[in-house]
Amino acid sequence: MKIEIITVGDEVISGHIANTNATFLANTVYSLGAKVTRIVSVGDNAEAITETIQEAIKRVDVILVTGGLGPTPDDLTSQAAAQALRRGLVVHTGYLKNIKEKFQRWNLTFTPSDEKQALLPERAEPLPNPIGVCGFQLEEGGKPLFFFPGVSREVKTIAQGSLIPFIREKMQNEGTIVCSSLFKVFGPTESGVKELLKELEGDFELAYLPSFPEIHLKLTVQGNNPREVEAKHNTYAKELSKTLGIYCFGKDNDSMEGVVGTLLREKGMTISVAESCTGGLIAHRITEIPGSSDYFIQGAVVYSKQAKKDLLEVPSSLLEKRGPVSKETAALLAKSIRKLSKTTLGVATTGIAGPTGDTLEIPVGRVFIALAAPDTLEVKQYDFFGDRSQIKLIASEVSLDRVRRYLLSH
């Protein structure tokens, strides 16, 4: 099954936003065994959208369009779709009623311009969108066309409820069974992962999907016999996990913070964090997990020297002699937050995220991360590279991974 993705919007072709919808849809399609042959981006121009849809119909079996379905004058996708397929543009009364009901339920004022969202090409049917109002589907010459809004959260919701079941059924009808899973890796580079897996061979596809600072591996097995496909997939998955070892921290929807939280809960341990250069990012990630209050007690953002002294009792003498960015300061921050919070573990970060603040002795990217536990106090020095956000993110990832490795060994 060949699929083309069309993203609509001046904000996409101008580079103001990343084309995350195309990435998500392509990954979703790929995981189901179908193939995306082309991704096209087009601006808010009715003629250009029309031509793009007409060209796609000639090339592929299924067309996915995202963007340009709202109530504003530059939302032209519905109009362009009608022109492309030589159909009229009509008000879908059931859709209009549904939109008005949602506006009332969400305490929003319905205006005449909002009615535009119910204008659909003839014979089009709305796609279920429980968190929004846009989206429709139609068929032309036996070829399905799905029209998604531009809001990423809505695209994912509609895809889960409509697109994924559709493609899965089509693939099964064609006699193709697909089994896939995602492995999440942290530690080695992409070339390092490839070196680890160089002897892993078989009847499978393995896609490398960099997701800084992690590497995600999509394992896919296809065939005609469901039992054989599943058995092969399970065999290769076990081999892959075994080969990756400690570097593979999770699968599918796992996150580093979620894995750490599960281990903390299973072992009945608690954690607190003292953050300088990461600015609360570690605490934020930990508390993104529902139920994290079971194991996360508190976090302190001790950004300045004064905060380090006042909140966690780091002596002025140490800060003057060794500096706020030092092994000794990181160690004391971890010990102090653990003692203050009465937690099993204490984690601390201090460093230079840049692009300024470096000295001759301490370059941008230098970060000290400390882990205080009942049986150990371990501080490590890291020299990360990248921009400010990347350095903060990888520092938070390393901190959580350090906790994960500790918990796995205790």
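The values are calculated or read from the model by the stated rules, or taken from the named source; none is laboratory data. Keep in mind that this is a model prediction, so the values were computed, not measured. Glycine also receives a Cβ, built like all others from the backbone with ideal geometry; neighbour counts cover every protein chain displayed.
Just to be sure before I move on: is Gly94 in a loop (DSSP other than H, G, I, E, B) and either in contact with a Phe, Trp or Tyr (Cβ under 6 Å, 6 or more places away or on another chain) or not basic (Lys, Arg) (or both) in the structure I sent? In short, no. Beta carbons closer than 7 Å, at least 6 apart along the sequence or on distinct chains, pair a first residue in segment 104-119 that is free of Cβ contacts under 8 Å to residues at least 60 places away in the same chain with a second that is charged (D, E, K, R) for Phe110/Lys100. Among the residues of segment 15-52, just one is of a type in the set (S, T, N, Q) and free of Cβ contacts under 8 Å to residues at least 12 places away in the same chain, namely Thr23.
For segment 364-405, the tally of residues that are of a type in the set (Lys, Arg) and in contact with a Leu (Cβ under 6 Å, 6 or more places away or on another chain) stands at 2.
Residues satisfying the criterion are absent from segment 298-310 (criterion: part of a strand (DSSP E or B), modelled with pLDDT of 95 or more and of a type in the set (D, E, K, R)). If you check Gln104 against the conditions, is it farther than 20 Å from Glu4 by Cα and buried (at least 18 other Cβ atoms within 10 Å of the Cβ)? In short, no. Residues of segment 169-223 that are more than 29 Å from Leu393 (Cα to Cα), outside any strand (DSSP E or B) and either modelled with pLDDT of 95 or more or touching a His at 6+ places or on another chain (Cβ under 8 Å) (or both): Phe204 alone.
In segment 158-176, what residues are surrounded by fewer than 20 Cβ atoms within 10 Å (Cβ to Cβ) and in contact (Cβ under 8 Å) with a residue 12 or more places away in the chain? Explain how you work it out, then say what you get.
Going through segment 158-176, the residues surrounded by fewer than 20 Cβ atoms within 10 Å (Cβ to Cβ) turn out to be 160-162, 164-166, 168-176.
Once the filter is applied, which keeps residues that are surrounded by fewer than 20 Cβ atoms within 10 Å (Cβ to Cβ) and in contact (Cβ under 8 Å) with a residue 12 or more places away in the chain, segment 158-176 yields Gly161, Ser162, Ile164, Phe166, Arg168, Lys170, Met171, Glu174, Gly175, Thr176.
For segment 261-281, taking the residues that are of a type in the set (Gly, Ala, Ser) and in contact with a helix residue (DSSP H, G or I) (Cβ under 8 Å, 6 or more places away or on another chain), the one that is surrounded by the most Cβ atoms within 10 Å (Cβ to Cβ) is identified as Ala274. The condition (being surrounded by 20 or more Cβ atoms within 10 Å (Cβ to Cβ), under 21 Å from Ile271 (Cα atoms) and either in the same structural domain as Phe385 (by TED's automatic domain parsing) or among the acidic types (Asp, Glu) (or both)) is satisfied by just one residue among Val314, Val301, Val325: Val314. From the list Ala82, Ala159, Ala118, Ala124, the one residue that fits, being within 22 Å of Asn19 (Cβ to Cβ) and hydrophobic (A, V, I, L, M, F, W, C), is Ala159.
The sole residue among Lys102, Lys116 that is among the basic types (Lys, Arg), under 27 Å from Thr28 (Cβ atoms) and either outside any loop (DSSP other than H, G, I, E, B) or in contact with a Cys (Cβ under 7 Å, 6 or more places away or on another chain) (or both) is Lys102.
Mind checking which residues of segment 3-18 are surrounded by fewer than 20 Cβ atoms within 10 Å (Cβ to Cβ) and at negative phi?
As a first pass, look at segment 3-18 and keep what is surrounded by fewer than 20 Cβ atoms within 10 Å (Cβ to Cβ): 10-11, 13-18.
Listed by number, the residues that qualify are Asp10, Glu11, Ile13, Ser14, His16, Ile17, Ala18.
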